[in-house]
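Right, one structure below, let's go through it.
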Amino acid sequence: MKLNSRRTLLIGLAFFSICAFWQMYDTVIPLILRDTFHIGDAASGWIMAADNILALFLLPLFGRLSDRTRTLMGRRMPYIAVGTAVAVALMLLLSGADAPGHFPVFIALLGLLLVAMGTYRSPAVALMPDVTPKPLRSKANAIINLMGALGGVYALAMIQLVVGVHADGRANYGPVFYAVAALMVVSVALLLWRVNENALRQQNADVDETAPGAREKLPPDMMRSLVLILCSVSLWYMGYNAVTTAYSKYFTRMWGDLSGAANCLMIATIGAVVSYVPVGILSSKIGRKKMILIGVAILAACFAISGTVKVFSPLLYVLFVVIGFAWAAINVNSYPMVVEISRAGDVGKYTGYYYTFSMAAQVLTPVLSGWLLEHVGYHTLFPYAAICVALAFVTMLLVRHGDNRPGAHSDVLEYYDVED
C-alpha cells in the first residue's frame with residue numbers, strides 16, 4: 001500500500017490556505033486593534049479569543065453537516081469553495097475598515113469573517129481521511145501539517161515584505177490581506193480543478209457509506225478509547241498552549257533575555273516542521289499510539305527541565321528543538337487516531353470532536369495558567385505544562401483503539417514509500 005504524495009499535497013491546499021489566514025490573523029489583527037482603534041490588552045484578548053470560542057460550536061456543526069451533504073462536487077468541496085469565497089470577500093472588506101472611527105464596522109466584519117472560516121475548517125481537514133486509506137493517514141497528516149506550516153511562513157513573509165504606510169503614519173496591512181486572499185483563491189481553485197472528491201472517495205472503500213459498520217453505534221470499548229484520546233488531546237494542548245501563550249512574559253521575567261529567548265518558539269516550530277514527514281513514516285512502522293506516547297513523554301520531560309532553568313542559556317535552543325520533535329510526534333498522529341475510530345460517513349463529525357476538545361483546551365488554559373502566573377508566581381508555568389502533558393500520557397496509555405495496523409502480508413518497506 002502506497003501513499004499518493006502528489007494527491008495528498010493537492011488535498012492539503014485547503015489547509016495550506018487556512019493556516020496562512022490564521023497566521024495573518026494572529027499577527028495583524030492585534031496590531032490593528034492597538035494602533036488603529038487603541039483597544040487595550042484585556043479587551044483585545046477577548047476579541048482574539050472569539051475565534052476559539054466560535055470554533056467550539058461551528059467546527060462540530062459543519063463537520064457533521066458535511067457528512068450529510070451529497071453533491072456533484074462531493075461532501076467537503078462545497079463548504080471549502082463557498083467558505084473560501086465568502087472569507088476572501090470579507091477579508092478585503094475588513095482591510096478597508098482599518099481606519100479610525102470604523103471600529104463597529106471592523107468588529108462586525110471580523111465576526112462574520114470568523115464565522116465564514118469556521119464553516120469549512122472541519123470539512124477541509126476531513127477531506128484527507130475521506131480519501132486516504134487508514135494505515136497511511138499518519139503519513140498523509142504529516143504532509144498536511146507541513147503544508148500548514150508553509151502557509152504560515154507565507155503569511156509571515158508577506159507581513160515582512162508588503163506592509164505599507166497610511167497617510168497618518170499607521171502601518172497599512174491592506175497589501176497583506178490581498179496577498180493572503182490571493183493565496184487562498186489560487187490554492188482552493190487548484191484543489192477544485194485537480195481533485196475529484198467523489199471519485200477518490202469511491203476508490204477508498206473504508207470510507208464508503210455502504211461499507212460494513214456504516215453509521216452503527218460505537219461499541220463501549222471503542223467509545224471509551226475515543227473519550228480517552230479526546231481527553232488526551234485537551235491535556236496536551238493545555239500544556240503546550242500555556243507555554244506558547246506566556247513564553248515572552250516568562251522569559252523576560254524569569255530569564256531576562258528576550259533577545260535570545262524570543263527565538264525559542266521559532267526554533268521549536270522549525271524542529272516540528274523538519275520532523276513531520278520522518279515522524280509520519282516512523283509512525284507507520286511502530287504505530288501511532290507508541291509514537292504519541294514517545295512524544296508526550298519527551299514533551300513532559302522537556303517542560304519539567306525548562307522549569308529548573310534559572311538563567312537563559314543557548315542550550316535552551318537544543319531543548320526547544322526537541323520540544324518541536326515531540327510536538328510533531330503527537331500532532332501527526334492524534335487526529336488520525338480519532339478518525340480511525342470513526343464509522344463510514346462520520347469523518348466530519350469526528351473531526352469536529354477533535355477540534356472541539358483542542359479548542360476548548362486553548363480557551364481554558366490561558367485562564368488557568370494566567371491565574372497561577374498572577375497569583376502564585378511565574379515559576380508555575382512549566383510545572384503546570386509538564387503536569388498537563390504527563391496526565392495525557394496516562395490517558396493515552398489506556399487507549400485500546402485508533403492505532404494503525406499494517407497488513408500482515410505487506411512488506412514493511414512499503415510503508416517508507418511515499419511516491420505515487
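All of the numbers you see were taken from the coordinates with simple rules; none came from a lab. Values in this document were obtained by computation on a predicted structure and should not be read as measured data. Please note: Cβ atoms are built from the backbone with ideal geometry, for glycine as well, and neighbour counts cover all protein chains shown.
Given the pairs 289/310; 249/310; 2/285; 134/217; 134/289, which span a C-alpha to C-alpha distance of over 24 angstrom in this model?
289/310
Among 183, 156, 404, flag the residue with its Cα farthest along the positive direction of the charge dipole of the chain, charges on Cβ as +1 for Lys/Arg and -1 for Asp/Glu.
Checking the options against the dipole of the chain, the answer is 404.
I'd like the Kirkwood hydrodynamic radius of region 227-337, using the inverse of the mean 1/r over distinct C-alpha pairs, in Å.
When all Cα pairs of region 227-337 are included, the Kirkwood radius is 14.4 Å.
Sequence-distant or interchain residues sharing an amide H contact under 5 Å with residue 346, placed H: which?
It is none; the list stays empty.
Would you work out the charge dipole size for region 5-207 about its Cα centre, treating the Cβ of every Lys and Arg as +1 and the Cβ of every Asp and Glu as -1, and quote it to the nearest 20 debye?
Result for region 5-207 is approximately 960 debye, rounded to the nearest 20.
Find how much the distance from residue 61 to residue 102 grows on full extension, using 0.36 nm per residue of separation minus their present alpha carbon separation; answer in nm with one decimal.
Here the answer is 11.6 nm.
For a quick check, take a GNM of the chain with Cα springs below 10 Å and name the residue from 309, 115, 339 with the largest mean-square fluctuation.
Taking springs between Cα atoms under 10 Å, the residue moving most is 309.
What are the ³J(HN,Hα) couplings of region 116-133, residue after residue, when phi is run through the Karplus curve with 6.51, -1.76, 1.60 and θ = phi - 60°? Round to Hz, x for glycine and proline.
4, 5, x, 6, 10, 5, 4, x, 5, 6, 5, 4, 4, x, 4, 10, 10, x
I need to check one value: relative contact order of the chain, counting alpha carbon pairs closer than 8 Å and at least 6 residues apart, in percent.
28
Which ³J(HN,Hα) values, rounded to whole Hz and listed in residue order, are derived for region 159-176 from phi using the Karplus coefficients 6.51, -1.76 and 1.60 in 6.51 cos²θ - 1.76 cosθ + 1.60 with θ = phi - 60°, glycine and proline given as x?
5, 6, 9, 10, 5, x, 9, 6, 4, 8, x, 6, 5, 9, 8, x, x, 5
Quick one: which residues, 5+ away or cross-chain, put their amide H under 5 Å from the amide H of residue 172? H built at 1.01 Å from N.
164, 165, 166
Helix-only estimate, please: 222 nm mean residue ellipticity of the chain, summing -39500 (n - 2.57) across DSSP H runs of length 4 or more and dividing by its residues, to the nearest 500.
-25500 deg cm²/dmol
Could you list 102, 401 in order of exposure, starting from the residue whose Cβ has the fewest other Cβ atoms within 10 Å?
With the fewest neighbours first, 102, 401 line up as 102, 401.
Mind running the shape call on region 220-404? Use the C-alpha gyration tensor, a ≥ b ≥ c as the square roots of the eigenvalues: rounded below 1.5 for a/c, prolate if a/b tops b/c, oblate otherwise.
Taking the square roots of the gyration eigenvalues as a ≥ b ≥ c, region 220-404 is prolate.
Report, in debye and to the nearest 20, how large the dipole of the chain comes out about its Cα centre when Lys and Arg carry +1 and Asp and Glu carry -1 on their Cβ.
About 680 debye.
Of 340, 374, how do they rank once you tally other Cβ atoms within 10 Å and put the fewest first?
Listed from fewest to most nearby Cβ atoms, that is 374, 340.
Note the per residue figure in Å³ for the convex hull of the C-alpha positions in the chain.
139
Could you please rank 28, 389, placing first whichever residue has the fewest other Cβ atoms within 10 Å of its Cβ?
28, 389
Project the alpha carbons of region 110-202 onto their principal axes and report the range along each, largest first, in whole Å.
Each principal axis gives a Cα extent; for region 110-202 these are 56, 26, 23 Å.
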